[in-house]
1. Any residue at all in the stretch B:290-300 that's surrounded by fewer than 21 Cβ atoms within 10 Å (Cβ to Cβ), modelled with pLDDT under 95 and charged (D, E, K, R)?
2. Consider the stretch A:162-179. How many of its residues are surrounded by 14 or more Cβ atoms within 10 Å (Cβ to Cβ), more than 8 Å from chain B (Cβ to nearest Cβ) and not charged (D, E, K, R)?
3. Within the stretch A:124-161, track down each residue that is part of a helix (DSSP H, G or I) and at the interface with chain B (Cβ under 8 Å from one of its Cβ atoms).
4. Looking at the stretch B:64-73, which of the residues that are crowded, with 24+ Cβ neighbours inside 10 Å and either over 29 Å from A:E103 (Cα atoms) or not charged (D, E, K, R) (or both) is farthest from the chain's Cα centre (by Cα)?
5. Among the residues of the stretch B:7-19, what is the count of those that are at the interface with chain A (Cβ under 9 Å from one of its Cβ atoms) and in contact with a helix residue (DSSP H, G or I) (Cβ under 7 Å, 6 or more places away or on another chain)?
6. List the residue pairs whose Cβ atoms are under 9 Å apart, where the first residue sits in the stretch A:45-57 and is free of Cβ contacts under 8 Å to residues at least 60 places away in the same chain, the second is in a loop (DSSP other than H, G, I, E, B) and among the aromatic types (F, W, Y), and the two are 6 or more positions apart or on different chains.
7. Taking the stretch A:78-107 as the search range and keeping residues that are in a loop (DSSP other than H, G, I, E, B) and among the β-branched types (V, I, T), which one is surrounded by the fewest Cβ atoms within 10 Å (Cβ to Cβ)?
8. When you check B:A75 against the structure, is it among the hydrophobic types (A, V, I, L, M, F, W, C) and within 30 Å of B:T177 (Cα to Cα), yes or no?
Amino acid sequence: MKIKITTKELKSDFAKEVKERSGIDVKKCYQCGKCTAGCPVAYEMDYMPNQIIRFVQLGLRHEALTSRTIWLCASCITCSTRCPKEVKIAELMDVLREMALEEGVANPKEKNITTFHKAFLNSVKKHGRISEFWMLSEYKRKRPKTALQDIEIGPQLMLKGKLSLTPHDIKGKKSIKRIFEKFK
Amino acid sequence: MTEETKKTKIGYYPGCAITKCSTSEEYGTSVLGVSRVIGPELVEIGDWNCCGASSAHATNHKLSTALSVRNISLAEKDGYDEVLAPCPMCSQRLIISQNDVHEDKKLREEVEDAIEMPVSSNVKVSNYLEIIKNYSMDEIAEKRKKKPEGLKVASYYGCLLLRPPKILKFDDPENPTTMDEIVAAIGAEAVDWEFKTNCCGGGFTLSRPNVVVKLTHDILEGAADAGANVIAVACPMCHANLDMRQKNIEKEYGRRFNIPIVYISELIGLALGLKPKDLGMDKHFIDTDFVVDAFSNIEE
C-alpha cells in the first residue's frame, strides 16, 4: 500500500478533532497491531484497524473517513479490550463513522450497512421501539438488490409468530421525537 | 416503596427483540417464566423505549446516549435501584451511556435537556447471567426437578456481555465462567472450548450476511469439535445468527451442524420442570426436541 502524504495533512488537526469529540488519544498507539490480530472482520476490510489509527495519527482524513473498514467494524470491542495502550479503537470507529456521515463521504460500497442503520433508527423515531417488519421492509425497499436474500426466513418467522405487522407505539412518542430532533 | 419490596423487585427492561411477537420472544418468555418460579420478581418499566442498539451508537453518540439513559431515568422514577436488561445489546448500551453521562458533565446536561428528566446515577443495570448468579443459584439447586442426560453444553457469551470490561465489570473478558457455572448448577456438562467470546457478526445479519455466515460457522465448528451437542446463549443476536444461519452455512461450507441453540433461561426452565412450550422451545429454527428430551428424568 502506497499513500502520498502531504505536509498539509501532517499539519492538520484531524487527530485533535477526534480527541475533542471522543476523548480518544490516537497518539498513544505505537502500532503493535494487536487490534488487527484479534479483529474478527479484518479479512473483509480495505484497511486494517491499526492502519485506520495510523491515518488519524498522520492527518489522513480522507483515507480514514472514506474507508470501508469503519463500517465493517462489528463493534465487538475485542481490539479496545486487548490494546496494551488502552486506545479505544472500536469507539474510534464510532466517531469516524459519525464524521463520515456528517461530511457525506461514507463509502458507497457499504451502503447496505448505512441504509440498515437509517431504517433501524427511523423505526425507533416513529414508534419509540423497533418494528422489525417495517424496519425490514424499509431496508429492502431502499436496497432492492437484497430483496431476494433470506427470502425464506421471513415467512418462517411469521409462521412461528415472531414477526408482527403491527408496530407497538410507546406513549412517550413525543419525547422520543424530541430526542431525535435535538441530536440530529 | 418499602425496603422489603426494593430488595426483591427488579425493574425489567425487555428491549425490542425479546418482547412478544418479536424474533427472539422465547428469550423474554423463558426469562419471565423462570423468574416466576425462582425469582427475583421482575416488573416491566413503564413506557420504555428502544436503546438505539448498534445503529444509534455507530452513527450518533449523543442520540444513542439519550435513548439509553431515558430508560434508566424511567426506572429510577418507578423506584427501582436495579434493572435487568436480558438483551446484552441493551444492557451494554445502558451501562455505557450511564458511564458516559457520569464522566462528561456537558453531555449529561445536554441529555437531561433532551429527555426532560434528571439523569440517574443510582440505578444498577444488570445482565441476565449476573441476576441468576447473584440471586438465584440456591433457588435453582433447591427447586430443580429434572436432571438432564447427555447434554454437552458450549456456553457462548459473545461480545456484549463482557466488553468493554472496565465499564461493564462483569466476568473475565477472555475466559468467562458465569454461564458455565449456571450450566453446572442445572446438572448439565459444560464443555471447554475456544470460542466463548468470539463475535457472531451481531447486527450484520441483514446488511452483511456473508460476514455472519463466516463467523457463525467458526463458532459452530468450535463447539462441535469440542464435543458440544447444544450451544447456550444469553443474547438475541447471537441466537438469531447461530440458529437461523445453519442452512446457509451448510451450503457455503458443506458441513451440517444441526446444533440446537438455546437460551440459558430455557435450560434453567427445563430443569425446573417448566413446560417446553411455555419456554418457547417450539420457536427455534433448529429443532430443540433433543434438548427437551434430555430433561425427561425426574430428579430423585
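The values are calculated or read from the model by the stated rules, or taken from the named source; none is laboratory data. What you are looking at is a predicted structure, and each value in this text was computed from that prediction instead of being measured. No Cβ is skipped: glycine too gets one built from the backbone with ideal geometry, and neighbour counts run over all protein chains shown.
1. Within the stretch B:290-300, one or more residues are surrounded by fewer than 21 Cβ atoms within 10 Å (Cβ to Cβ), modelled with pLDDT under 95 and charged (D, E, K, R).
2. Initial filter on the stretch A:162-179 (surrounded by 14 or more Cβ atoms within 10 Å (Cβ to Cβ)): A:162-164, A:167-168, A:170, A:172-173, A:175-176, A:178-179.
Those left that are additionally more than 8 Å from chain B (Cβ to nearest Cβ): A:167, A:173.
When the remaining residues are screened for being not charged (D, E, K, R), the result is A:167.
Matching residues across the stretch A:162-179 total 1.
3. To start, the set of residues in the stretch A:124-161 that are part of a helix (DSSP H, G or I) comprises A:124-127, A:132-142, A:144-146, A:153-159.
Of everything in the stretch A:124-161, those that are part of a helix (DSSP H, G or I) and at the interface with chain B (Cβ under 8 Å from one of its Cβ atoms) turn out to be A:V124, A:E132, A:L136, A:Y139, A:T146, A:I153, A:Q156, A:L157.
4. Taking the stretch B:64-73 first, the residues crowded, with 24+ Cβ neighbours inside 10 Å are B:64-72.
Keeping just the survivors that are either over 29 Å from A:E103 (Cα atoms) or not charged (D, E, K, R) (or both) gives B:64-69, B:71-72.
Values: B:S64: 20, B:T65: 21, B:A66: 22, B:L67: 20, B:S68: 17, B:V69: 19, B:N71: 18, B:I72: 18 Å.
Looking at residues that are crowded, with 24+ Cβ neighbours inside 10 Å and either over 29 Å from A:E103 (Cα atoms) or not charged (D, E, K, R) (or both), I get B:A66.
5. Looking only at the stretch B:7-19, we keep the residues that are at the interface with chain A (Cβ under 9 Å from one of its Cβ atoms), and these are B:15-17, B:19.
Imposing the further condition that a residue be in contact with a helix residue (DSSP H, G or I) (Cβ under 7 Å, 6 or more places away or on another chain) reduces the set to B:15, B:17, B:19.
Final tally of qualifying residues: 3.
6. Final answer for the pair search is A:R54/A:Y47; A:F55/A:Y47.
7. Going residue by residue through the stretch A:78-107, those that are in a loop (DSSP other than H, G, I, E, B) are A:83-88, A:103-107.
If we keep only those that are among the β-branched types (V, I, T) too, we end up with A:87, A:105.
On the way: A:V87: 21, A:V105: 14.
The selected residue is A:V105.
8. Working: among the hydrophobic types (A, V, I, L, M, F, W, C): yes; within 30 Å of B:T177 (Cα to Cα): yes.
So B:A75 fits the description; yes.
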